[in-house]
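Have a look at the structure below before the remarks.
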Amino acid sequence: MLGRVGVFDSGLGGLTVARELASRFPGIDLRYLGDTARLPYGAKSEDTITRYAVRCVRHLVEQGVDAVVVACNTASACALPALRETWPALPVWGVVEPGARAAVAATRTGRIGVIGTERTVLSESYPRAILALAPRAQVAALACPLLVPLVEAGWVDHPVTRLTVETYLGELFARAPELDTLVLGCTHYPVLKGVIGEVAARLCGRPLALVDSAEAITEALAPQIVESDRGTGPRRFAVTDMPSSFARVAATFWPESLPEVSHVDLTMD
């Protein structure tokens with residue numbers, strides 16, 4: 001059973017996962033690591049992403065975590081096998097598999113859309129995971145690289161963001177007009193859930209089921225979580241570069257006052 005949970009992300013987006021875990025299980029000991037020195041992962045090679053992920057998870061293991069959540073769709077798509085091979089006794093969870101299960105459970109027609117970073121989409125990890133569960137499903141995926149910087153700029157409900165979402169979803173629906181479910185395949189995207197849902201409903205004339213990876217991974221972990229009975233558990237946040245900048249931008253993802261963010265040097269071996 002899990003009491004101390006490490007959450008790893010390439011930067012800020014994984015805070016949506018950490019926030020969901022902390023909200024649902026306030027008693028857990030939560031350790032967050034953002035690899036801000038090497039972001040973004042989404043445009044890097046699979047080998048590079050895997051090398052970065054192994055080094056970051058090693059740091060969390062050294063902190064004594066009981067499990068690691070890879071709260072980055074790109075790292076989940078590329079590095080999960082290597083992480084599980086390196087630490088076979090440690091539960092290592094990615095966000096792709098829970099997101100795929102949630103999408104299959106949500107769809108009524110089997111027509112599922114996925115939006116994510118370029119690397120996540122190129123990996124085809126979501127189509128593989130979805131089709132393994134529902135072989136007759138039809139999956140359409142689209143890379144939406146401009147959404148991450150817009151979220152990190154704090155432009156959550158901004159005309160430029162709405163236009164960008166409309167442009168991306170217009171392209172996706174042109175290719176797959178009968179979608180009834182949309183996977184938010186990047187942990188930044190739940191911040192835009194309201195805008196994405198509104199634009200999607202307007203473009204296709206009906207509401208779509210939106211699959212939030214933060215909610216999906218939290219649901220998957222729920223049976224194994226053990227909370228402290230001493231109230232709110234410890235919250236420790238660390239990044240590999242620019243902790244002050246991380247803390248400032250984090251308000252978009254973590255509405256409460258963020259505890260002090262520390263810096264860790266994870267110079268590659």
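Every condition in (1) within 16 Å of Tyr189 (Cβ to Cβ); (2) modelled with pLDDT of 95 or more is met by Tyr41 except one, and the failing one is (2).
Restricting the search to region 199-257, which residues are assigned to a loop (DSSP other than H, G, I, E, B), within 22 Å of Tyr126 (Cα to Cα) and touching a residue at least 24 places away in the same chain (Cβ under 8 Å)? First the steps, then the outcome.
Quick first cut of region 199-257, residues assigned to a loop (DSSP other than H, G, I, E, B) only: 205-208, 226-234, 240-242, 253-257.
Among the residues that remain, those that are also within 22 Å of Tyr126 (Cα to Cα) are: 207-208.
The answer is Leu208, and nothing else.
Among the candidates Val104, Val61, which residue alone is outside the structural domain of Asp241 (by TED's automatic domain parsing), part of a helix (DSSP H, G or I), touching a residue at least 24 places away in the same chain (Cβ under 8 Å) and not hydroxyl-bearing (Ser, Thr, Tyr)? Reasoning before the result, please.
On the way: Val61 fails: outside the structural domain of Asp241 (by TED's automatic domain parsing).
When all the criteria are applied, what remains is Val104.
Can you report the number of residues in region 122-138 which are within 19 Å of Cys78 (Cα to Cα), free of Cβ contacts under 8 Å to residues at least 60 places away in the same chain and not charged (D, E, K, R)? Before you say what the answer is, go through the steps one by one.
Step one: of region 122-138, the residues within 19 Å of Cys78 (Cα to Cα) are 122-132.
Still in the running and free of Cβ contacts under 8 Å to residues at least 60 places away in the same chain: 122, 124-132.
From the residues that got through so far, the ones that are not charged (D, E, K, R) too are 122, 125-127, 129-132.
The total comes to 8.
Return the only residue of Thr74, Thr16 being within 21 Å of Ala238 (Cα to Cα), part of a helix (DSSP H, G or I), in contact with a Pro (Cβ under 6 Å, 6 or more places away or on another chain) and touching a residue at least 40 places away in the same chain (Cβ under 8 Å). Full working, then the answer.
On the way: Thr74 fails: in contact with a Pro (Cβ under 6 Å, 6 or more places away or on another chain).
None of the other options fit; the residue is Thr16.
Just one residue in the set Pro234, Pro223 is more than 21 Å from the chain's Cα centre (by Cα) and surrounded by fewer than 16 Cβ atoms within 10 Å (Cβ to Cβ); that residue is Pro234. Close Cβ contacts (under 7 Å, 6 or more residues apart or on different chains) running from residues in region 154-182 that are farther than 16 Å from Glu198 by Cα and assigned by TED's automatic domain parsing to the domain that holds Gln138 to residues that are surrounded by fewer than 17 Cβ atoms within 10 Å (Cβ to Cβ) and charged (D, E, K, R) comprise Ala176/Arg111; Glu178/Arg111. Of Leu147, Leu169, all but one fail to be of a type in the set (A, V, I, L, M), more than 24 Å from Trp254 (Cα to Cα) and buried (at least 22 other Cβ atoms within 10 Å of the Cβ); the exception is Leu169.
When the residues of region 78-93 are filtered to those that are more than 20 Å from Thr36 (Cβ to Cβ) and outside any loop (DSSP other than H, G, I, E, B), which remaining residue is nearest to the chain's Cα centre (by Cα)? That would be Trp93.
Within the option set Ala22, Ala103, Ala89, Ala37, being crowded, with 24+ Cβ neighbours inside 10 Å and not hydroxyl-bearing (Ser, Thr, Tyr) holds for one residue only, Ala103. Of all residues being aliphatic (A, V, I, L, M) and at pLDDT 95 or above in region 151-180, which is farthest from Gly110 (Cα to Cα)? Just the residue, please. Looking at residues that are aliphatic (A, V, I, L, M) and at pLDDT 95 or above, I get Val160.
Does Arg31 fit the bill of being assigned to a strand (DSSP E or B), of a type in the set (Lys, Arg) and in contact with a helix residue (DSSP H, G or I) (Cβ under 8 Å, 6 or more places away or on another chain)? So Arg31 fits the description; yes.
Inspect all residues belonging to region 113-131 and state whether any of them is among the hydrophobic types (A, V, I, L, M, F, W, C), within 18 Å of Lys193 (Cβ to Cβ) and touching a strand residue (DSSP E or B) at 6+ places or on another chain (Cβ under 6 Å). Walk me through how you get there before you give the answer.
Applying the first criterion (among the hydrophobic types (A, V, I, L, M, F, W, C)) to region 113-131 yields 114-115, 121-122, 129-131.
This time we only want the ones that are within 18 Å of Lys193 (Cβ to Cβ), so: 114-115.
This time we only want the ones that are touching a strand residue (DSSP E or B) at 6+ places or on another chain (Cβ under 6 Å), so: 114-115.
For region 113-131, residues among the hydrophobic types (A, V, I, L, M, F, W, C), within 18 Å of Lys193 (Cβ to Cβ) and touching a strand residue (DSSP E or B) at 6+ places or on another chain (Cβ under 6 Å): present.
Only a single criterion out of (1) surrounded by fewer than 20 Cβ atoms within 10 Å (Cβ to Cβ); (2) farther than 19 Å from Ile225 by Cα; (3) among the small types (Gly, Ala, Ser); (4) in the same structural domain as Ser244 (by TED's automatic domain parsing) is not satisfied by Gly13, namely (1).
The values are calculated or read from the model by the stated rules, or taken from the named source; none is laboratory data. As the structure is a computational prediction, the values presented were derived from the model and not from experiment. Note: ideal-geometry Cβ built from the backbone for every residue, glycine included; neighbour counts use all protein chains shown.
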